[in-house]
Structure formats: C-alpha cells, structure tokens
1. Return the pair list, or none, for Cβ contacts closer than 6 Å from residues in the range 504-523 that are more than 12 Å from Leu492 (Cβ to Cβ) to residues that are open to solvent by 70 Å² or more (accessible area, probe 1.4 Å), at least 6 apart or on different chains.
2. If you take the residues of the range 27-79 that are among the polar types (S, T, N, Q) and more than 35 Å from the chain's Cα centre (by Cα), which of them is surrounded by the fewest Cβ atoms within 10 Å (Cβ to Cβ)?
3. Going through the range 361-393 one residue at a time, which ones are without any contact (Cβ under 8 Å) to a residue 60 or more places away in the chain and on the phi > 0 side of the Ramachandran plot?
4. Kindly indicate whether any position in the range 362-375 is modelled with pLDDT of 95 or more, of a type in the set (A, V, I, L, M) and more than 20 Å from Arg296 (Cβ to Cβ).
5. Can you tell me which of Leu245, Leu260 is without any contact (Cβ under 8 Å) to a residue 24 or more places away in the chain and open to solvent by 10 Å² or more (accessible area, probe 1.4 Å)?
6. May I ask you to say which residue of Asp274, Asp235 is closer than 30 Å to Gly360 by Cα and part of a loop (DSSP other than H, G, I, E, B)?
7. Would you confirm, using the coordinates I've provided, whether Glu336 is in contact with a Gly (Cβ under 6 Å, 6 or more places away or on another chain), within 30 Å of Pro439 (Cβ to Cβ), open to solvent by less than 60 Å² (accessible area, probe 1.4 Å) and among the charged types (D, E, K, R)?
8. For the range 204-218, give me the residue count where each residue is open to solvent by less than 60 Å² (accessible area, probe 1.4 Å) and under 15 Å from Asn571 (Cβ atoms).
Amino acid sequence: MTQANVLQLAQSGNADAIALLMNASLQAIGVSARAVFREGNLHVLLESERTLAPSPAIEFIRRGIARLGLGWLSSAIVYGRLAGQSSPIWIQEVRFETAEVIDNPFAIAPNSNIGAAIGTKTGSQDWGFPIPQWRVSPFTLSMLVSLPLVFLLGNGVIWFRYLASDPMTSVTTPTLAPSLKASSQPTSDSLNKALSQANQAYLIGKTAQSKQEWQKAATHWKQAISLLKTVPQSDAQAAIAQSKLVEYQQQLGYVMQDRLASQGMVLVKTITGDISPKSIVHSGKGLFFAQNMMYRHSITVYDRQFKLVKTIPDQVKLADFGYTRYLGTQQGSPVEAAFSPDSQTAWVSNYEMSGDGFSGTADDVCSPEQNHAQSFLYRINTQGLTIDRAVQVGAVPKYVATTPNNRYVLASNWCSWDVSVIDPTQNKEVRRIELGPYPRGIAIADNQIAYVAVMGSSDVAAINLTDFSVNWLRNVGNAPRHLNLDPAGKYLYATLNGEGQVAKIDLSTQSVVAKVATGNAPRSMTISGDGQFLYVVNYDSDTISKVRTADMQVVQAIAVNSAPIGITYDNDTQQIWVAAYSGSIQVFQD
C-alpha cells in the first residue's frame, strides 16, 4: 500500500491508517501506537519500554491529527502505557480547535515499511483495559482554512523528549474513569455513518469555490443530520448523537446562509477568437455550440475547460444529402441550435443559404409574399462534430427545439411566418404551421404542446403536437421573443423585447401573473435546473439580469460585453455562458 493510499484512508477517518502513519515515525525510537474510534472520539494508545512524558506526546498527536484535516473530530483521548503492562500510567484528552491541513501530517521514516504495518491490530479488544466513555462538548468547525502548512519535523525529533526525565511533566498513575453503563439495546451504526458524512462535508468545504461545491457540502451535512436523528434515545450513543446534531445543524446553517445565499454571478472566463456568436447552447453533456451566423460561417464548439474543441465550417454540398437540384457547394449562416434528448445530435438553423442555387437576399423585415428562399437545418453528430444531414425548412429559420421524446424537431421560420415540424427518423419536414409575423422562441411541454413566441404580436401560440391545432395565450406583452418553461411545467416565462420586461405566465389559467423590468431589449434567457432563477441578456443595455422566479425580482444585474444576445446554462457546474454579437463568449459562475 502506498503512502498516498494510507493518507487517503486516514483523512477519511480510518483508525488503522492513522495509527499506521504514527508508527512509521515511532518505530525507530521504540514507540508503538494503536488507534480506535469510539462514540465520536479517537482513542490513541502509545506504548514504549520506557516511560513517555505526556506533554510532547500530546503535542505530537494534536499537531498530526489536526493537520490531517478531520474537521468533524472534536477531541482525542491519549493513553501512555509501558510495554507489557495492562493499564496506562497516564491519560490525557486532546481538543482540536483548528484544522491545519498539510500533505503529510506525520513525519514518515524513509525506511519505514508502511505496507507491512497495515495489519497491526488497532482495536480496543487487545488493549487490556476498558476505554472510558467521554462526553465531548461540540465546537464550531473552521470551514475556511488557511493555506496548507508543511510539517518538516525530522523523524522522531519530538519523540525523543518522551524518554527524558522531565520534572515539569512528572508522571503519576491516575484513577481511570469508570465506563458508563452501556444500553441493553443494540448500538446503532447511524452515528458512524453520520461522522463519515460530516467528514465528507468538511473536506469539500475546505476547498469549495463554486456554488455547486458548496451545495455538495450542504448535502452531506443534511445527510449527517438525518442519520443522527435516527439514533434512538435508548442507544448508548444517544448523547453523542445529540451533541453532534447541534454541531452539524450549525455547520449547515453556515453553508446555507454564508456560502450559498450570498453567492452571485462572477466572471470566470472570457473567450474570444474568430467568432461573432448569435447564440450559445449547451448540449447537456459538456459541449457548448456557438453559432456565428454569416459573419464567420461557422459553429465553434467548446468544452467545460473553455477550450475550443472544433470549428465546424457551414459549407456543404446539399446534393450529398439528397437535394440534387442544388449543384456545387453552398454555405449556411448558423443562428440557433438544439440538441437531441441523448445529446448525440445537434440541429442548427441557418438564417439563409448562399452559394450555388441561392441568391442570399434574406432580411429581418420580411413577409411570405416576398418569396424568400427556403433555408435548411443542419444535423451535426456530436461525436465526430461533422454535418451529416440537411433538412429543408421555411424562409429564415431562427429558433430550433426538439421534443423530449425525440419525435419531432421544430424550427420557427421568421420570413415565411410559420413553424416547420421535422420527423428526424424520415429526415424531412412533415408539417408546416402558419402563425403570423415573426415566430421566434419555442418551448415544448411534455411532448404535447409547443409554445411559440410570435414576436410581431403580443401573443404566444400553443401548438398541439398530436393534431397540430393551434390555441393562443393572448396579450402576454409586446414582442415576445424567447420562452422558457419551469421544470414543473406550471409556468411559462417570456422575454418581452418591445417593453424591456420578462413575463411569468400561469399555464393553468393562461394568464400573466407577474412581470419584471430587466433592461432594454431583453433577448434570450435561460433557466436554472431547479427553476429558481432566470438569466436574461439585455441586448441594448449590455447587461445580464438574474431574476428570482418565486417573486419575479431582479437579484443581480451585471455588465457584460457589447451586444449580449445568446445565453445558456450548465446545470452540472452552475455556470452561465453568454454570447455577445460583438465577438466574445463570457462564462459566469453562480
């Protein structure tokens, strides 16, 4: 077993590993250590052929255990015993007030055989005397620790002081504290499990930087608290459990109030390069697609380390995809993207096509009477990051959405004033649904209803995906552009580009229940995985707004690069990616 493995075990609270690290230092000077956890405390037995002075022994234990980083451990009981004797000659308690974490808390002798020592018995059954039960008062853990300190004491230096005759640490034989009467009920394992959960929470909290990491710490504290609550009053460990319960509730409160509630969006990365992103969309599996329109004729793909994975040019030969009327090569102009439920494919809309067979005359002020050329969606395989299909849709397709069951892909066609319904298994459009001027954002509920923001109106269409009939949510606000559904499917949120607000729509009553002003020209938005927050880009204000959905209040607004227009949310990292038309992608941690 390697030293790293032993350290990992010791840091997880393994008593055998803790004793093993001690023995690696002590064996050269004739001292041996054994360790065991009992009722929330660590008990350490030190044995030697000569009398050990308590003070340096206690200091060694205190430093080593504290630096090991066991933040949930409030005290240790240390016994000094002469080899061959059945009772210790002294007992002292060590309390740990701070945690000083270093790579190696105990000095390890260069020639120590760590692997061979792992089998050494450390349990109390062979100590020859009963371990007293100690009631230990709780203490507040230090969740934010200083930078690691390096323990550079030479092998056994402090331990040679044990063997000195020190009148300041004269040894007397104390009367052992009597053992508390054990309960006749079986002892629950919940306390040990709770201690383990608390240790995990503490270890995460030592290095936590992101909201996600603090949420993980909070989860472990909650699990520890739940386990402690299952310890019955009749259990021998009930008093310890109650003490730890108070302590862990304090720690959870600290995490929730001081580390989570106070967190806001913080810029962690700005990505530039040959980009002019109209949108940024997360695959759900760690890839981010930026669509760069006709200004760069590309889709740039990034990973969670903010590295450019690939630049996908939008040049194709449509004849290769079955559209034989188009000879030569063509280029698209990527606008938006949507991923299949399994994240294996991405569907990308192209504002217009250019090249052989196309004139490239699309415009945002348009109508079906102008007969703009029909454009195409590309399908991109996310494994090879290549365009492997093209499907013809309406004129100037903008937003794209896939149904959760992958039955349909929908595209809103800006200039033909309709929505294309594509069957991905047939690789073709199977329905065209007229809606009126300038359909834009799409949100799909339970595979049954597709809500479409009609930006040239004040309404949102509700398309029944079974019979393709259309109902309407009327008068939601001026120029609805982007839509998000909450995870429960109860509320629909719409950015109102024409009035600088975001509307909250109760789908049970089909009425607007709240609005909040976020900035000038709110364009796109995204919603957190738990549905608690919306993140809105305000195109003309050059800001991003964080909106609490419960009461529709803006809780944070920060400046971003010029012309923010696209936004996406990574639920696994709680990061928000913002695409700015001016040529950058900014990533914020929340």
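The values are calculated or read from the model by the stated rules, or taken from the named source; none is laboratory data. Quantities reported herein were computed from a predicted structural model and do not represent experimental measurements. A quick note on method: Cβ atoms are made from the backbone with ideal geometry, for glycine too, and the neighbour counts reach across all protein chains shown. Note: areas computed on protein heavy atoms with side chains; ligands, DNA, RNA excluded. Shrake-Rupley method; radii C 1.70, N 1.55, O 1.52, S 1.80 Å.
1. Once the first residue is more than 12 Å from Leu492 (Cβ to Cβ) and sits in the range 504-523, its partners that are open to solvent by 70 Å² or more (accessible area, probe 1.4 Å) give Asn520/Asp540; Ala521/Asp540.
2. Checked the range 27-79; the qualifying residue surrounded by the fewest Cβ atoms within 10 Å (Cβ to Cβ) is Ser55.
3. Asn371
4. There is no residue in the range 362-375 that is modelled with pLDDT of 95 or more, of a type in the set (A, V, I, L, M) and more than 20 Å from Arg296 (Cβ to Cβ).
5. From the options Leu245, Leu260, the qualifying one is Leu245.
6. So the residue among Asp274, Asp235 that is closer than 30 Å to Gly360 by Cα and part of a loop (DSSP other than H, G, I, E, B) is Asp274.
7. So Glu336 does not fit the description; no.
8. 3
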